[in-house]
1. Enter the accessible area of His531 (Å², nearest 10), with the probe set to 1.4 Å and all protein chains included.
2. To the nearest Å, what is the center-to-center distance of segment 200-230 and segment 537-569, using C-alpha atoms only?
3. Suppose we keep just the alpha-carbon trace of segment 77-190; what are its Rg and Dmax in angstrom?
4. Given the rule -39500 (n - 2.57) for each run of at least 4 DSSP H residues, summed and divided by the residues of the chain, what is its mean residue ellipticity at 222 nm, to the nearest 500 deg cm²/dmol?
5. If you roll a 1.4 Å probe over the chain with all protein chains in place, what percent of the accessible area is carbon or sulfur?
6. Heavy-atom accessible area per residue, segment 520-672, 1.4 Å probe: how many Å²?
7. Using label points projected 7 Å from each Cα along Cα→Cβ, tell me how many nm separate Glu229 and Ala272, to one decimal.
8. If R0 is 41 Å, what FRET efficiency do you get for Ala65 and Asp511 from their C-beta distance, rounded to 0.05?
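The values are calculated or read from the model by the stated rules, or taken from the named source; none is laboratory data. On a predicted model such as this, the values are computed, not experimentally measured, just so you know. Backbone-built Cβ (ideal geometry, glycine too); neighbour counts: all protein chains shown. Heavy atoms of the whole protein, side chains included, go into the accessibility calculation; ligands, DNA and RNA do not. Shrake-Rupley method; radii C 1.70, N 1.55, O 1.52, S 1.80 Å.
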Amino acid sequence: MHDHSHGTDDPLIRLAAAHGVLPAWIDLSGNLTVTRRDTALALLRAMGAIGEAGEAEERLAALEAARAARALPPAHVVNAWQPSLLPAPVSAARWRLTFETGATAEGAADGAVALPAMPPGLHRLEIGATGCLVVSAPQQAPGPEARTRRERIWGATAALHGLWRVEQGSAAARGSYADLAAAAETLAALGASFVGVNPVHALGAASGGFSPYSPTHRGFFDTLAIPLETAEEAAPDPGGLIDHAAHAGAQMAALRARFAAEMADPAGQEAAGLAAFRAERGRALEDFALFEALSLRHGANWRAWPAGFESPEAPGARAFAAAETEEIAFHAWAQWQADRALGAAQARARGAGMALGLYTDLAVGVRPDGAEVWASPDVFARGVSLGAPPDQFSPSGQSWGLAPFAPEGLEAAGYAPFISTIRAALRHAGLVRIDHVLGFERCFWVPEDGTPGGYVRSAPDVLVAIVRLEAARVGAVVVGEDLGVVPEGLRARLAASRIHGCAVTMYEHWDGRLRAPWHYRVETLASFGTHDTPTLAGWWQGHDIAWRERIGHTGPEEAEAMRRARWEDRAALLALLEEARILPADVDPAHPPEALTQALGEAVHALMARSSSAIVAVQLDDAFGTLEQPNIPGTTDEHPNWRRRHAVAADRLDEHPSLKRIAREMRAFGRA
């Protein structure tokens, strides 16, 4: 199966195209790559659209017939409060519109459905047995001024696990939602509008993993960050690494003890609160709690569980649920505690005067062996991972070990799983960042069997409209991480919806040199780097290049070329500081210091304050002059990813000299 032929008469290729597989794409270097025939077959199998290549003609005919017979599209986007016309290939048929509130409207379709102006919401249109999700959304998501009364704002970003307080206990401990609340309060005192963290999704009780971007379920929260009082009084060593396994063991034991104490009185207030939470969150919570309990019995990977446990409805799973009510109640309770603690952190942030408060992050996918896929298997593609095609940074491509949504499975579910993930991200946030928003247009699927990957189209109009609607409901600002090979037109589509892109200074080049921040697009969040890049200090001295050499990602010659390019960027950065008249007096552009000085770090942030971006994010590690970065993509054990603490306590951030001076610069440019 290595035939590269792509004649339009090939039914397999036509079937793949009909299911959204791109026939070709242009990579970062501008080269055209044609989707191979074996790739097309692998991606169709992942969708459940075919078994063998010989079935293609029959499957294509059936698909075309089914689509031709369908009276309505699976989803339709309208502007809130504006009437619209939806083409429908039926005449004299009655249509019925059920609003989100339960109210209805009816009419006759004569080649089209004349939809009335309708309020924002998720409504349902039906003709006969055919249904259509109608997304009625405002044309734009809220901007910063909706809550802050400013068009230019700033805030700080941190790693939740790396936060700590002076009075905190165990040195094994990782950051908690209480530490996040403390960080919000001290940053609010400096005039920050938000504090951002990596995803706070549920990681899985049995998983043992601690990457925030590899969750078990994005509709639920990380229980390892629930704040618990400890008997120890010694503050953790900021320079020491977090022992996630030790923390997880201690945390689980402490949570179980607290659960037993709080639930001792079945008629008490806590028991009533848990019952109300379970009733509110419904079936999704029950399935999640059941998965957590089963995973502790049978292992983290549901695909290796015994027969009879392959779904929430399977007989073994139902029998377990009936027998283990107390254990399932514990996992539901733990979610309640996480939800309350994160909500309390947002309340404290807003109470301290932080206009937006928490900025949460929505991971691009979930582990295929985790709770979200187990509960909704038809919504996810099987046997493939999200990833990226080969490029100069990753010559063999990237596979992220995350299950992609299957577009047609998502359609069939009325987009409910996507809606629930967006709502969870917005539940306690004033700003949400959508990781790899390029996936709204297309996702790169990497088959697990080694077949080369390919791109699969998404439904950008529908996904973006859902985001606009849900963000408008809660008044939250939206940022989409749009780094990489950006499909043509996507940035314009996002900007029109007021979904901000990203301007990462170390990647912003124009005409062979670093772009001046005052030329960034307004609808962006500007930052010097991200959680996946070197810190400012690490970038300055090429520490990330040294790491790449050390772990074998880069050979000596390539590393030397990377250093030469870095020193050119460093010189360009100094030239920008000179142009803005903020270059420290003791810095000679012809002989820059080998290590970043405190004054130079503050000058770079003063440059960021002058950015034309609506939002500027200051990474705490950059403000502190920290050398090591939190994560090196493409590594697991070679580098201590997600295990480093921030250098300064969360409840002392407003005392840090550099951070105070950076905050003054932000205020001077109307950001606070």
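1. 30
2. When both Cα centres are located, 33 Å separates them.
3. Answer for segment 77-190, Rg first and Dmax second: 24.4, 72 Å.
4. Values: 20 runs with 244 residues, N = 672.
Value at 222 nm, helices only: -11500 deg cm²/dmol.
5. 52
6. Values: 6330 Å² over 153 residues.
Solvent-accessible surface per residue comes out at 41 Å².
7. 2.4
8. Numbers: r = 53 Å, r/R0 = 1.30.
Approximately 0.15, to the nearest 0.05.
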